[in-house]
Structure formats: structure tokens, C-alpha cells
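Worksheet for the structure shown next.
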Amino acid sequence: MKKVYAFFLMLIICIPAQGWTDMLGNPGTQVGEKNLFVGIEYSSALKVYDIDTRDIETTSERATLKITTGLSDWFDFFVKVGGVNLTMNYKEAEYVYKTSGGTENWGNATKNFESDYTAGFGAGTRIRLLNFVNSDTRVYFQGGGFFLKAKDNIQWEISRGSINKERDIKLFDLYAGLGIAKKMDYIDLTFGVGLSEVWWELDDVNSESTGSSTIRTHIPKRDSFESKNPFFGFIGLDFILPNEYRISLQAGMRNIDEGEFSVAISQGLPKD
């Protein structure tokens, strides 16, 4: 059995820390109505968005406080809030920028969109659908979402001037999935499949500087849902430690190039 644990642990650690949206997170064990779990969760995510008529890699790191409570033995509810940053990689995309005078290819951008840490928050629920007591196996549904808003600018240097794009962006992750949780001694193994969706909204102001003149243009707000490949699979381990502590690891994959990794530590507190 120790070899099984080691296999799953290595699988999770070796998957690249890249992702696409908020994942089905810890804890894998059903909390139940008598307990309250408080923990810290860190995740790294990557998503390719079709923004500005070009696929742009967007990465995000999230460090959140997560509180999970059981409203019944089969129904859990959680909220999380914390700091989030966002990076859009325009340099690697070699973006072709369209100005008021036409379209020119100026190669890589000189500055990516790289926001400071900003507040983000999310919520969700886990519902136990089936419970096989003899085999310590459960089937569950989990769904939820996470919202963030970020602000920064993108810059291009050109032979006759410069381009500056001031951007406000909102992102809202939605997800739902079915999972199986299997208890093995002091470890809960979880795995399953799900669907994810991301909604984004952009509010841009472009400044085109040539010589001593600057043309400032406010671009109408635009939004979109990203649903090119909504299916993903996930696997996780919940280490159940003394004093109601848990260390949770989870990884997911959408395809060979997109995956996510998250780690969390939490402690159970009895509710009055």
C-alpha cells in the first residue's frame, strides 16, 4: 500500500504547475455538520484566452484563506478569500498591434500585463451523492466559482513612438464535477472529471505616442466566455494527520499542455 501512496504523490508533484481555472479543491473528506475546517490554500494556474484576436497565455497565482463547514453529514459549503495576481504574456505572443493608421507587426511587446496582488474571493459546495460504508468509498458532486479583478498596462516600443494599453480586467471562474473519494488508512484519495468555464471582461484605454503627440482611445468594454475545451480530469490526496490537521495536494489536466497544481493545509475545529 505504501507503494500506491508514493505513486500518486509522485504523479501529483511531477505534473506542471499550470492550469486553467479554479479546481475542485480540498478537503476530499466530507466535513460533516459537527466540524469547521480552516486552512490556507495556494494554487498556480495558466489559461490561454482568445483576447485581442490572438491567443494570450494568462497565468495567475492565488493564496487564499479557505473555510469549510458542514451543513449536514452530506452537504458541505466553503468560502475562500485572499490575494491573487495576474500576468498576460504579450511578449511571447509577438502580438500584431492594430493602430489608428493601420496594422503593423512590431514584434514582441516590451512590457507584459503584470498586476500586483489584488483581492479575490470564491465559494462552492460539496454534496455527497453515494456512501459505500464497507469500502470507505464516496461519490460526490462539487461546484463553485472564483472572482478576481486586476489592473495594469501593456507597452510596445516602435521606431516612431510607443503604444501603451491601460487595462482593467475581470475574471470569473465557474466549475462543476463528479468525484470519487476512497479512504485508505490515513489518506483520502480523490479523483474524477469536471467541466469548467471562464468569463472575462476587458476595459482598455490605448495611448499611441508619436513624437510630441498622443492619441488616447477608449476601447468599448468587451467580454467573452472561454469554452473551447471545458472538460478536465483531476486527482488528489488528503493526508489526515493528528489533531484534525490535513495536508491536501491536487493536480488536474485538460490536455498534455495544460494542468494545475494546488497545495493546502487546514485544521478541523469542532463547532459549538
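The values are calculated or read from the model by the stated rules, or taken from the named source; none is laboratory data. Small disclaimer: the values here were computed from a predicted structure and weren't measured. Positions of Cβ are backbone-derived with ideal geometry, glycine not excepted, and every protein chain shown enters the neighbour counts.
For region 263-272, state whether one or more residues are within 25 Å of Ser43 (Cα to Cα) and without any contact (Cβ under 8 Å) to a residue 60 or more places away in the chain. Checking region 263-272: not a single residue is within 25 Å of Ser43 (Cα to Cα) and without any contact (Cβ under 8 Å) to a residue 60 or more places away in the chain. In region 153-164, the residues that are under 17 Å from Asn89 (Cβ atoms) reach residues that are of a type in the set (A, V, I, L, M) and assigned to a strand (DSSP E or B) with C-beta atoms within less than 6 angstrom, at least six apart or across chains, in these pairs: Trp156/Ile163. Filtered by the rule that a residue be of a type outside the set (Ser, Thr, Tyr), at pLDDT 65 or above and not in a loop (DSSP other than H, G, I, E, B), region 84-116 gives Val84, Asn85, Leu86, Met88, Lys91, Glu92, Ala93, Lys111, Phe113, Glu114. Taking the residues in region 208-236 that are in contact with an Asp or Glu (Cβ under 9 Å, 6 or more places away or on another chain) and surrounded by 16 or more Cβ atoms within 10 Å (Cβ to Cβ) as candidates, determine which candidate is farthest from Leu130 (Cα to Cα). Among residues in region 208-236 that are in contact with an Asp or Glu (Cβ under 9 Å, 6 or more places away or on another chain) and surrounded by 16 or more Cβ atoms within 10 Å (Cβ to Cβ), the one farthest from Leu130 (Cα to Cα) is Glu226.
Residues in region 37-77 that are closer than 14 Å to Ile265 by Cα, of a type in the set (A, V, I, L, M) and over 17 Å from the mean Cα position of the chain (by Cα): 2 in all. Does Phe78 count as surrounded by 17 or more Cβ atoms within 10 Å (Cβ to Cβ), of a type in the set (Phe, Trp, Tyr), closer than 25 Å to Val198 by Cα and modelled with pLDDT under 95? Against the criterion (surrounded by 17 or more Cβ atoms within 10 Å (Cβ to Cβ), of a type in the set (Phe, Trp, Tyr), closer than 25 Å to Val198 by Cα and modelled with pLDDT under 95), Phe78 qualifies. Consider region 30-53 and keep the residues that are among the β-branched types (Val, Ile, Thr) and part of a loop (DSSP other than H, G, I, E, B). The one that is modelled with the highest pLDDT is Val31. In region 129-146, the residue that is farthest from Leu195 (Cα to Cα) out of those that are in contact with a Lys or Arg (Cβ under 7 Å, 6 or more places away or on another chain), touching a residue at least 40 places away in the same chain (Cβ under 8 Å) and surrounded by fewer than 18 Cβ atoms within 10 Å (Cβ to Cβ) is Asp136. Please go through region 169-209 and give me each residue that is among the charged types (D, E, K, R), more than 15 Å from Asp223 (Cα to Cα) and without any contact (Cβ under 8 Å) to a residue 60 or more places away in the chain, ordered by number. Scanning region 169-209 gives a single hit, Lys182. When each of Phe121, Phe147 is tested for being farther than 30 Å from Ser207 by Cα, at pLDDT 90 or above and part of a strand (DSSP E or B), the lone residue that passes is Phe121. Would you check if there is a residue in region 54-66 being at pLDDT below 75, closer than 26 Å to Ser115 by Cβ and surrounded by fewer than 22 Cβ atoms within 10 Å (Cβ to Cβ)? Checking region 54-66: at least one residue is at pLDDT below 75, closer than 26 Å to Ser115 by Cβ and surrounded by fewer than 22 Cβ atoms within 10 Å (Cβ to Cβ).
So that you can scan it fast, the table gives a plain yes or no per residue for (1) touching a helix residue (DSSP H, G or I) at 6+ places or on another chain (Cβ under 9 Å); (2) within 23 Å of Ala45 (Cβ to Cβ); (3) of a type in the set (S, T, N, Q):
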position	(1), (2), (3)
Gly144	no, yes, no
Ser196	no, yes, yes
Glu208	no, no, no
Ser212	no, no, yes
